[in-house]
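Visitor: Following this message is one structure expressed as structure tokens.
The values are calculated or read from the model by the stated rules, or taken from the named source; none is laboratory data. It should be emphasised that the depicted structure is a prediction, and the values quoted were computed from it without experimental measurement. Neighbour counts are summed over all protein chains in view; Cβ atoms, including those assigned to glycine, are modelled from backbone coordinates with ideal geometry. In case anyone asks, the SASA skips ligands and DNA or RNA and just uses the protein heavy atoms, side chains included. Shrake-Rupley method; radii C 1.70, N 1.55, O 1.52, S 1.80 Å.
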Amino acid sequence: PTRRSSDLRVRGVSRCTSSLAGHGEPVITALFSPNGRYLASGSGDKTVRFWDLTTETPHHTCKGHVSWVLAISWSPDGAVLASGDKSGHVMVWDPDTGKQRGKTLLGHKQWVTSLAWEPLHLGDGTSRRLASASKDGSVRIWDWVVGQCIRSLTSHTASVTCLRWGGGGLVYTASQDRTIKVWRAQDGVLCRTLQGH
């Protein structure tokens, strides 16, 4: 007998291939490393975890945050991971040891919403500069190696929700004030404000 097209059924993929259990509170953010070897996760249990994807096992549990970990970002070279929490603290971690690198970066008055690294070709070939955005309406650019805020970008009038560091040396920030602002990373000059939302 011939089969009619209405007899064919396609089932969606619904099987979970594996589960990585271990966090004690909700997982808020997760991100693969640039080389695909690790998965990093941030949680309401105040920890950052590194997972080995080859063995699907926990690699390191990083403790030090005082509140929920809301944002994470791998450096472009994959050497370190930055994380930001609900108290406004930013920390940098070594995925191979699970230890904190440098000092905790302090300055935001409310929680960290987004993190972005300077592209490798703009720096000295290492991941040294990092930008963080916050609900306090500011964006901070850090030299995490020395633990200092290089500059603070403060033209938004509401929470900065999204942050990107472009390859041309411009930092793009989006805010609940319904604008996107474009900044020159080199000196923090506001280049333009995009309105319309």
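Visitor: From Cα coordinates alone, what are the radius of gyration and Dmax values for the stretch 24-116 in angstrom?
Guide: Calculated on Cα positions, Rg and Dmax stand at 12.0, 39 Å.
Visitor: Then there is this: For the stretch 58-97, report the accessible area per residue in Å² (1.4 Å probe, heavy atoms, rounded to an integer).
Guide: It amounts to 34 Å² per residue over the stretch 58-97.
Visitor: Compute, for ARG37, the solvent-accessible surface of its heavy atoms (probe 1.4 Å) with the complete set of protein chains present, and express it in square angstrom to the nearest 10.
Guide: That residue has around 110 Å² of solvent-accessible surface.
Visitor: Pull out a ≥ b ≥ c, the square roots of the eigenvalues of the alpha-carbon gyration tensor of the stretch 89-156, then state rounded if a/c is under 1.5, prolate if not and a/b is larger than b/c, and oblate in the remaining case.
Guide: oblate
Visitor: Further question on the same structure: Over the Cα atoms of the stretch 87-126, compute the convex hull volume and normalise it per residue, giving Å³.
Guide: Expressed per residue, the convex hull around the Cα atoms of the stretch 87-126 is 106 Å³.
Visitor: Oh, and also: Please give the Cα centre distance for the stretch 183-197 versus the stretch 29-68, rounded to the nearest Å.
Guide: 33 Å
Visitor: Counting other C-beta atoms within 10 Å, and keeping those with at most 10, which DSSP coil trypsin sites (Lys or Arg not before Pro) do you find in the stretch 139-192?
Guide: For trypsin sites (Lys or Arg not before Pro) across the stretch 139-192 that sit outside H, G, I, E and B with at most 10 neighbouring Cβ atoms in 10 Å, the list is empty.
Visitor: Next question, about the same structure. No solvent, one uniform scatterer per C-alpha: report log10 I(q)/I(0) for the chain via the Debye equation at q = 0.12, 0.13, 0.18 1/Å, two decimals.
Guide: With no solvent term, the Cα-only Debye profile gives -0.61, -0.69, -1.18.
Visitor: Using a Cα-Cα cut-off of under 30 Å, which lysines could be cross-linked to LYS46, ignoring same-chain neighbours fewer than 8 residues away?
Guide: Here the lysines satisfying the reach criterion relative to LYS46 are LYS63, LYS86, LYS99, LYS103, LYS109, LYS135.
Visitor: Here's something else I'd like to know. If I take the Cα coordinates of the stretch 57-171 and project them onto the principal axes, what are the three extents in Å, biggest first?
Guide: Principal axes ranked by extent give 42, 33, 25 Å for the Cα atoms.
Visitor: Here's another thing I want to ask about it. At a threshold of 8 angstrom on Cα-Cα distance, excluding pairs fewer than six apart, so keeping six or more, what relative contact order does the stretch 144-197 reach in percent?
Guide: Computed value for the stretch 144-197: 25 percent relative contact order.
Visitor: Now for a different question. Treating only the Cβ of Lys, Arg, Asp and Glu as charged (+1, +1, -1, -1), what charge dipole size does the chain show about its Cα centre? Round to the nearest 20 debye.
Guide: Charge dipole of the chain: 560 debye, to the nearest 20.
Visitor: Treating only the Cβ atoms of Lys and Arg (+1) and Asp and Glu (-1) as charged, compute the dipole magnitude of the stretch 143-197 about its Cα centre; round to the nearest 20 debye.
Guide: 160 debye
Visitor: Between LEU31 and THR193, take the C-beta separation as r, use R0 = 35 Å, and let me know the FRET efficiency to the nearest 0.05.
Guide: Efficiency computed from Cβ-Cβ geometry: 0.75.
Visitor: Sticking with this one: For the stretch 43-196, what's the relative contact order in percent, using C-alpha pairs closer than 8 Å and at least 6 residues apart?
Guide: 13 percent
Visitor: Can you compute the modelled spin-label distance between ALA158 and ALA79, with each label point 7 Å from Cα toward Cβ, in nm?
Guide: 3.9 nm
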